[in-house]
Ligand SMILES: NC(=O)c1ccc[n+]([C@@H]2O[C@H](COP(=O)([O-])OP(=O)(O)OC[C@H]3O[C@@H](n4cnc5c(N)ncnc54)[C@H](O)[C@@H]3O)[C@@H](O)[C@H]2O)c1
């Protein structure tokens, strides 16, 4: 059995979750981390069991490095991603793939040209309850889909933004609540409902002195004729578990913080669900998420690399949530309905 060498680029909060997940993989090991800032690299050494390098060439030239895991701020995924792909490394990139479509497309193109696999972390796809919902929707259990909603009514305190150099900035976060927090639930909604035909949206910065939005709302027309609501916020105290709602001609279901909380099919006894206190929602605390779902996605990615198969969440799939969010920003700016495909001239 081949043991894959993984290197993490970036040494912040999500890098820790990846390191914890990689520790549990039988066929992979964390060989090194990289941070270009010598002081940050030095501080990070205490947090990780593998060496933390500040020389990128040294990092990329490690003989046992097979996969680079990109954990830099969202608008800084492209450059290290390109360098790693050109060096023949497979990529596991944190969400969002990048903050604009041209940047996402460049990464996808260069991975293709260099024959390396590109997967993007959307760990919520791998919970048991989400998988059950996805299977049921695809099997037509709820009938023809009429409406699908994604609500991320979350809260972050002022320190969340004031202590970060990049969160809420246009250059490095690409916006605010939609592209950073809401994107997970938007990805699930698109996976369930299919492609988007058009969107109308309004975004606002209501509570915090940030460049991006802390509140965004959109009305979505899906290609299949269904309608949808998208809400994402970091300004709604105290923050409630994120929710996906699916309504079809034959029934409906609700997924809250990764758990099915309602499941009703016409003519069948409604299912009852226990509320689980440990749902791991980041509704008010960004550190409340665990690493188990990251671990699931890692296991599948290694299998896909081994079998030379396209990963479940490849670049093309991960681009869809960025397209919707970028279109929402454009709609809010122009006060116009945006038709798809959206030409992101960023
Ligand atoms: N999947 C999830 O649930 C989840 C949760 C949190 C964050 N994220 C994503 O992970 C990414 C990082 O977020 P975070 O919360 O860990 O941020 P963070 O600020 O905690 O960490 C970012 C790290 O990148 C380093 N860095 C900055 N520029 C760099 C560069 N050019 N090269 C290498 N390292 C660089 C910083 O020093 C820091 O160590 C973001 O894209 C974010 O959207 C995903």
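Can you tell me the order of 108-117, 65-74 when each peptide is scored by its average per-residue count of other Cβ atoms within 10 angstrom, highest first?
Listed from highest to lowest mean packing, they are 65-74, 108-117.
Using only the alpha carbons of the chain, what is the convex hull's orientation-averaged projected area in square nanometres?
Values: hull surface 69.4 nm².
For the chain, the mean projected area of the Cα convex hull comes to 17.4 nm².
First measure r as the distance between the Cβ atoms of residue 43 and residue 204, then evaluate 1/(1 + (r/R0)^6) with R0 = 45 Å and state the FRET efficiency to the nearest 0.05.
0.80
Would you mind putting 286-295, 138-147 in packing order, based on average other-beta-carbon counts within 10 Å, highest first?
Output ranking for 286-295, 138-147: 286-295, 138-147.
Taking only the Cα atoms of segment 85-226, how large is their convex hull per residue, in Å³? Don't skip to the answer; put the middle values down first.
On the way: hull volume 20.9 nm³, N = 142.
Per-residue hull volume (Cα only) is 147 Å³.
What percent do you get for the relative contact order of segment 1-115 when only Cα pairs under 8 Å and 6+ apart count?
The normalised contact order for segment 1-115 reaches 25 percent.
Could you work out the helix-only [θ] at 222 nm for the chain, with each DSSP H run of four or more residues adding -39,500 (n - 2.57) and the total divided by the number of residues, to the nearest 500 deg cm²/dmol?
Helix-only estimate at 222 nm: -9500 deg cm²/dmol.
Would you mind calculating the gained length between residue 346 and residue 250 on full extension (0.36 nm times residue separation, minus the Cα-Cα distance), in nm to one decimal?
That pair, residue 346 and residue 250, stretches by 30.4 nm at full extension.
Hey, with R₀ at 35 Å, roughly what FRET efficiency would residue 144 and residue 3 work out to, going by the Cβ-Cβ distance, to 0.05?
Efficiency at R0 = 35 Å is approximately 0.15.
From a point 7 Å beyond the Cα of residue 224 in the direction of its Cβ, which residues of segment 185-207 have a backbone N at a distance under 14 Å?
Within reach of a label on residue 224: 188-197.
How big is segment 135-217 in terms of Cα radius of gyration and Dmax, in angstroms?
For segment 135-217, the Cα radius of gyration and maximum Cα-Cα distance read 15.6, 47 Å.
Using the Kirkwood radius over C-alpha pairs as Rh, can you work out the diffusion coefficient of segment 34-73 via Stokes-Einstein at 10 °C, viscosity 1.306 mPa s, in µm² per second?
Estimated diffusion coefficient is 147 µm²/s.
Kindly identify segment 218-322 as rounded, prolate or oblate by the Cα gyration tensor criterion: order the square roots of the eigenvalues as a ≥ b ≥ c, call it rounded if a/c is under 1.5, otherwise compare a/b with b/c, prolate if a/b is larger, else oblate.
Working: a/c = 1.43, a/b = 1.23, b/c = 1.16.
Because its axes are fairly even, with a/c under 1.5, segment 218-322 counts as rounded.
How much FRET efficiency would the formula 1/(1 + (r/R0)^6) give for residue 269 and residue 128, where r is the Cβ-Cβ distance and R0 is 25 Å, rounded to 0.05? Before the final figure, lay out the partial values.
On the way: r = 22 Å, r/R0 = 0.86.
With R0 = 25 Å, the Cβ-Cβ based efficiency is 0.70.
So what's the angle, to the nearest 10 degrees on a 0 to 90 scale, between helix 183-193 and the longest Cα principal axis of the chain?
50
Between the helical axis of 315-334 and the dominant principal axis of the chain, each derived from Cα atoms, what acute angle in degrees is found, rounded to the nearest 10?
Rounded to the nearest ten degrees, it is 60.
Could you check what % of the DSSP bridge pairs in the chain are antiparallel, to the nearest 5?
In the chain, approximately 60 percent of DSSP beta bridges are antiparallel ones.
Going by C-beta contacts inside 10 Å, put 166, 154, 263 in order with the fewest on the left.
By the 10 Å Cβ count, ascending: 166, 263, 154.
Shape of segment 52-160 from its Cα gyration tensor (a ≥ b ≥ c, root eigenvalues): rounded if a/c is under 1.5, otherwise prolate when a/b > b/c, or oblate?
prolate
For helix 13-23, report the angle its Cα long axis makes with the longest principal axis of the Cα atoms of the chain; keep it between 0 and 90° and round to the nearest 10°.
Helix 13-23 sits roughly 70 degrees off the main axis of the chain.
If you stretched the chain out fully between residue 162 and residue 64, how much longer would it get, using 0.36 nm times the residue separation minus the C-alpha to C-alpha distance?
Stretched out fully, the residue 162 to residue 64 stretch lengthens by 31.4 nm.
Give me the Å³ per residue figure for the convex hull around the C-alpha atoms of segment 156-292.
127
Each reported figure results from applying straightforward, stated rules to the coordinates on display, with no laboratory input. Bear in mind that the values here come from a model prediction, so they are computed numbers and not experimental data. Methodologically, a virtual Cβ is constructed for each residue, glycine included, from the backbone with ideal geometry; neighbour enumeration extends over all protein chains shown.
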